[in-house]
Structures are given as structure tokens and as C-alpha cells.
Amino acid sequence: MCAKNVGIYIRVSTQEQANEGYSIDAQRDRLTAYCRSMAWNIYNIYIDGGFSGSNMSRPALSQLLDDIKGKRVNCVLVYKLDRLSRSQKDTLYIIEDVFLKNGIDFVSLNENFDTSSPFGRAMIGILSVFAQLEREQIKERSMMGRVERAKKLSDAKKHQLAREMLLDIIEIEA
């Protein structure tokens, strides 16, 4: 077995999530500690701070995929599957069409996957469905909260809020 040359991928969607959820530093600390415990070499740490997992338009993810194609990485490590993507389609594309086709091992620290087995690949498919569901529920709750907030605003503030919501919808759909 050849030595692991690991690409650590870290993502947070918003500054609020960085402060309250899976912060960049917390992910980095846990993932680098795991690599040390496994005696794996860390090739690079790819960080997308403030990027949605709903699409693949992320600079660090693009760099990771380039490094995989360049054979510089043979293992990808994430803290949790939804850090890689919150889109079922994108998750399956990345794992099946990029990782598996290039012989890349994929490890999710929290979910403890083994992508070399059919069961492990099936579990990733199942969990990617729930990651996408969670993203859609967050979107619904955010919209509901904004609507309730708008009911209490003046007409001028309602128009401003409507513009902000429209921009958010356009960004989510892009």
C-alpha cells in the first residue's frame, strides 16, 4: 500500500457558521490530528470559507480537484460529508466520477466511510440525500423567518428586504 498523500478539505458557508458551527480552526485541528494519528502526509489543506455547499463553484474545491487530476493527492479527508457538498448530485459526481475513477480514498471523520466497498458507497449516497434535505430545510426556515420579520417593517424596509431575498434566491439557484 502506498503512503497516503492527503488533501484535507474544509468548508463553512457563512461567518456565523464559522463562529457557531463547524469552525475552520476546529475542523483543521481535528483533521490534522487524525492525519498525525494515522501517520499520513498532509499534501495541502483546502479551505473554502464563506462558500455554500449547494454547488461546486468554490476555489479551494477546484484546486483540490485539479490536484487529484494531477496525481498529487491520493486521499481526501473531510470533517463531515456535508462539508464536501450539500447537493446529492454533486456529492455523487465528486465521489464516483472524480475520487473513485482516480483511485482516491475518501474519508469522512464523523461518518467513518470506506469508499472501497459497495456498502460504503451506498451510505454516502444515502447521507448525501440528507445533506441536501438539510440545505433545503435551512432555506425554507430562513425564508419563513424573513417573511415574519417583513410583516413588522415599514413599506420602505419591506421593499429593501424583498430585494435582499430576491438576491439570495438568485445566488442559491446559481
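The values are calculated or read from the model by the stated rules, or taken from the named source; none is laboratory data. Predicted model, so just to flag it, every value in this text is computed and none were measured. Using ideal geometry, Cβ is built from the backbone for each residue, glycine included, and neighbour counts are taken over all protein chains shown.
Could you give every pair whose Cβ atoms fall below 7 Å, whose first residue belongs to the stretch 40-57 and is farther than 15 Å from residue 24 by Cα, and whose second residue is of a type in the set (Val, Ile, Thr) and in a strand (DSSP E or B), counting only separations of at least 6 or pairs across chains?
40/6; 41/6; 42/6; 42/8; 43/6
In this structure, does residue 103 turn out to be within 13 Å of the chain's Cα centre (by Cα), surrounded by fewer than 17 Cβ atoms within 10 Å (Cβ to Cβ) and either on the phi > 0 side of the Ramachandran plot or at pLDDT 95 or above (or both)? I'd like the intermediate steps shown before the answer.
Values: within 13 Å of the chain's Cα centre (by Cα): no; surrounded by fewer than 17 Cβ atoms within 10 Å (Cβ to Cβ): yes; either on the phi > 0 side of the Ramachandran plot or at pLDDT 95 or above (or both): yes.
For residue 103, the condition - within 13 Å of the chain's Cα centre (by Cα), surrounded by fewer than 17 Cβ atoms within 10 Å (Cβ to Cβ) and either on the phi > 0 side of the Ramachandran plot or at pLDDT 95 or above (or both) - is not met.
Do you know which residues across the stretch 79-98 are more than 14 Å from residue 49 (Cα to Cα), crowded, with 24+ Cβ neighbours inside 10 Å and either at pLDDT 90 or above or out of contact with any Ser or Thr (no Cβ under 9 Å at 6 or more places or on another chain) (or both)?
94
So residue 36 passes all but one of these: (1) without any contact (Cβ under 8 Å) to a residue 40 or more places away in the chain; (2) within 19 Å of residue 138 (Cβ to Cβ); (3) of a type outside the set (Asp, Glu). Which condition number does it fail?
(2)
So residue 131 ticks every box in (1) among the hydrophobic types (A, V, I, L, M, F, W, C); (2) under 29 Å from residue 100 (Cβ atoms); (3) surrounded by 13 or more Cβ atoms within 10 Å (Cβ to Cβ); (4) at pLDDT 70 or above but one. Which box is left unticked?
With respect to (1) among the hydrophobic types (A, V, I, L, M, F, W, C); (2) under 29 Å from residue 100 (Cβ atoms); (3) surrounded by 13 or more Cβ atoms within 10 Å (Cβ to Cβ); (4) at pLDDT 70 or above, residue 131 is out only on (4).
Please determine whether any residue of the stretch 48-58 is out of contact with any helix residue (DSSP H, G or I) (no Cβ under 7 Å at 6 or more places or on another chain), outside any helix (DSSP H, G or I), of a type outside the set (Phe, Trp, Tyr) and modelled with pLDDT of 95 or more.
Yes, the stretch 48-58 has at least one match.
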